[in-house]
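Worksheet: one structure, shown below.
Coordinate-derived values only; no laboratory data. Predicted model only: the values in this text are computed from it and were never measured. Cβ coordinates were reconstructed from backbone atoms using ideal geometry, including for glycine residues, and neighbour counts include every protein chain displayed.
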Amino acid sequence: MRTIASTGLTLGLASMASAVMYGYNHVPLVKDTEIIAGAFENVKDIELLSPAFDTPNIRLPGFANGTQGSSSQDDMEAFLEQLAERNDYMTYRTTNFTSEEGRHLSYVHLSAGHSSSLSRDDSASKVRVWIQGAVHGNEPAGDESTQALLSKFDADREWAASILDKLELVVLPRYNPDGVFYFQRTLATNFDPNRDHIKLARRQTRDIKQLMNNFNPHVIVDMHEYFAGQRFGEGQYVHGSDGLYSAAKNLNIHDSIRKLSEELFAKNIAEDMEAAGLRAEPYVTGSSASDSEFVADFAEAGTDGKIGRNAMGLTQAVVFLLEMRGIGIADQEFQRRTAAGLTMLGSIIQTAANNADKVLRTVEDGIKQFIASDSDIIVTDYSKSEIRPFAMVDVKNGSVVYPPVRFASTTPSFANLTRSRPKAYLIPAAWSDLAERLEVAGLDVEKLDKPFEGTVEVLTITSAEVDTSYYEGAIRVTATTETRERKVTLPEGSFQVTTRQKNAALAMVALEPENIDSYVSFNIVPVKKSDQYPVFRIIS
């Protein structure tokens with residue numbers, strides 16, 4: 001009976017979440033019981049000076065019932081401006097673009113060098129760190145944690161100086177200010193901004209991506225929250241982790257960068273959370289299981305390029321997704337949620353500063369090696385499963401327990417479809433919108449000033465299975481191909497995209513049809529069986 005009740009709740013939430021309107025798409029409020037909340041008490045030794053804690057009177061009235069976040073756009077902007085006025089190494093800026101509803105996107109640039117510009121080339125004397133919060137507008141501990149970090153810089157000048165001796169940072173607390181206003185996950189248009197990194201359907205996604213690419217960060221942090229109320233093990237358990245974390249996992253990220261992420265940064269996150277009296281696990285999604293061997297079926301964070309974590313990692317950077325336990329519980333346990341976010345975020349900042357030379361060398365050498373590499377492209381991959389303990393709270397008595405779960409690990413995943421790396425991709429002039437997307441993603445795209453004639457590798461579609469429902473505005477397609485060489489002629493104005501560049505892995509994900517997030521998969525390039533795919537591969 002408990003299994004049926006738990007499943008019914010899940011289906012009910014899913015049904016409510018799928019029926020959207022314009023604005024105010026709130027998730028159902030499923031607050032922790034007193035017993036569960038007892039496992040998430042305030043953290044005593046972490047000082048929080050962000051607006052919701054330093055000036056609690058600014059907390060919005062709907063925060064307590066799950067219809068608003070912790071503070072308004074005006075209060076956040078005033079807070080950022082005040083910090084910048086007090087600290088000459090902070091510069092408060094608003095972007096030269098707005099959200100879909102015209103709201104400002106405000107950020108703070110922290111640099112001991114007082115640079116007036118964000119644009120950076122590939123050479124660097126300091127590690128550049130990009131931090132963003134509130135990609136999803138109903139995850140308030142994400143943006144509150146970024147403001148808590150800025151407050152820490154403001155409050156501890158000696159520590160700030162030591163960090164800025166090694167790092168330069170950009171902090172964008174609210175990536176999705178419209179979502180924050182409506183207290184909903186999505187953009188105002190109801191697109192999920194964290195699923196838009198390859199198809200680039202929304203102008204706001206494109207604008208922010210170009211801003212980030214101008215800064216050219218070595219380390220990127222994306223702050224989120226996850227749903228607190230999901231039940232596991234026939235309703236007996238809920239998630240017990242204060243924080244879930246994941247590095248970028250895509251196998252087209254240079255292995256030295258992935259190794260640095262997992263063996264240095266991830267290790268330190270786990271240790272620093274434990275030292276703070278907080279619980280952390282790798283980021284997972286999944287569902288309850290009634291198997292006698294495990295209580296949940298979990299998949300570790302995947303390799304898909306449409307997700308911000310992997311898309312940003314495919315620029316050959318160290319990238320982390322940080323998630324606190326908070327969706328659906330309104331203002332409950334907000335101090336602990338924000339403290340967990342600050343602890344994980346602070347761990348990454350401190351690790352980058354303490355190991356600045358190693359981080360710079362690994363990332364920049366990894367970029368050079370990726371550009372020069374002749375290794376095959378990883379088109380698709382798979383994970384292997386194991387049974388392992390995972391932090392949960394027993395809803396009956398509030399105890400923190402570690403029951404077994406089935407855990408499909410992506411650390412690492414394993415390739416099951418590879419393809420030789422071409423010298424370049426060739427895109428016909430008629431498909432200029434593909435070239436535009438790649439340029440937004442940070443790739444150099446050459447527009448040919450004369451016709452192209454030559455032998456290339458051509459992909460023919462051998463199967464194309466069309467989904468039966470929409471996903472993020474698209475009917476997705478699963479395709480397979482076969483390759484052969486043939487001579488093609490394309491007109492002047494066609495496009496050539498070399499793979500000998502830093503962000504080439506983004507082109508590989510987008511342009512290889514079988515990839516789960518390719519332009520074919522998202523039906524940007526419609527295909528059917530026997531079609532010739534209209535993007536060609538120039539063989540090395």
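Table for the structure above
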item: Under 13 Å, Cβ to Cβ, from Glu85 - net charge with Lys/Arg +1 and Asp/Glu -1; result: -3
item: Between helix 334-354 and the chain: long-axis angle, C-alpha atoms, 0 to 90°, nearest 10; result: 50
item: The stretch 419-538: relative contact order in percent, alpha carbon pairs under 8 Å with at least 6 residues between; result: 40
item: Derived scalar couplings ³J(HN,Hα) [the stretch 24-34; Karplus, 6.51 cos²θ - 1.76 cosθ + 1.60; whole Hz; x for Gly, Pro]; result: 6, 8, 7, 7, x, 7, 10, 5, 5, 5, 4
item: 222 nm mean residue ellipticity, helices alone, for the chain (DSSP H n ≥ 4; -39,500 (n - 2.57); rounded to 500); result: -8500 deg cm²/dmol
item: Relative packing of peptides 353-359, 328-334 - highest average C-beta neighbours within 10 Å first; result: 328-334, 353-359
item: Long-range amide H partners of Arg279 with built H, under 5 Å; result: Asp242, Gly243
item: Separation in nanometres of the label points that stand 7 Å from Cα toward Cβ, at Asp74 and Asp165; result: 4.3
item: Cut-off under 5 Å, modelled amide H: who pairs with Val319 long-range; result: Ile220, Ala248
item: Share of pairwise Cα separations in the stretch 419-538, more than 21 Å, in percent; result: 36
item: Cβ-defined net charge surrounding Phe181, 10 Å radius [Lys, Arg +1; Asp, Glu -1]; result: 0
item: Environment charge of Glu300, counting only residues whose C-beta is closer than 14 Å and scoring Lys/Arg +1, Asp/Glu -1; result: -1
item: The stretch 425-480: Rg to Rh, with Rh as the Kirkwood radius over Cα pairs; result: 1.06
item: The stretch 198-324 - Rg and Dmax from Cα coordinates, angstrom; result: 16.3, 52
item: Nearest 10 degrees, 0 to 90: helix 73-86 Cα axis against the chain principal axis; result: 90
item: Proxy reagent accessibility, fewest Cβ within 10 Å first, across Tyr382, Tyr107; result: Tyr382, Tyr107
item: The stretch 437-503 and the stretch 49-93: distance between their alpha carbon centers, rounded to Å; result: 45
item: The chain: angle of helix 2-18 to the longest principal axis, Cα-based, in degrees nearest 10; result: 60
item: Per-bin percent of Cα-Cα distances, the stretch 43-167 [10 Å]; result: 11, 40, 35, 12, 1
item: Phi-based couplings in Hz for the stretch 502-515 (Karplus 6.51, -1.76, 1.60; Gly and Pro marked x); result: 4, 9, 4, 4, 5, 5, 4, 5, 6, 9, 8, x, 6, 4
item: Amide H contacts under 5 Å for Ala424, placed H, 5+ residues apart; result: Thr499, Ile538
item: Fully extended contour minus Cα-Cα distance, from Asp156 to Lys44, at 0.36 nm per residue; result: 38.5 nm
item: In sequence order, calculated HN-Hα J values of the stretch 392-403 (Karplus, 6.51, -1.76, 1.60; Hz; x Gly/Pro); result: 9, 10, 6, 5, 6, 10, x, 6, 8, 10, 10, x
item: Calculated P(r) tail over 32 Å for the chain, as whole % of Cα pairs; result: 44
item: Quarter of the Cα convex hull surface for the stretch 465-529, i.e. its orientation-mean projected area (nm²); result: 6.1
item: Burial ranking of peptide ranges 426-437, 24-35, 244-255 (average Cβ count within 10 Å, highest at the top); result: 244-255, 426-437, 24-35
item: For the stretch 167-228, fraction of C-alpha pairs farther apart than 18 Å, in %; result: 41
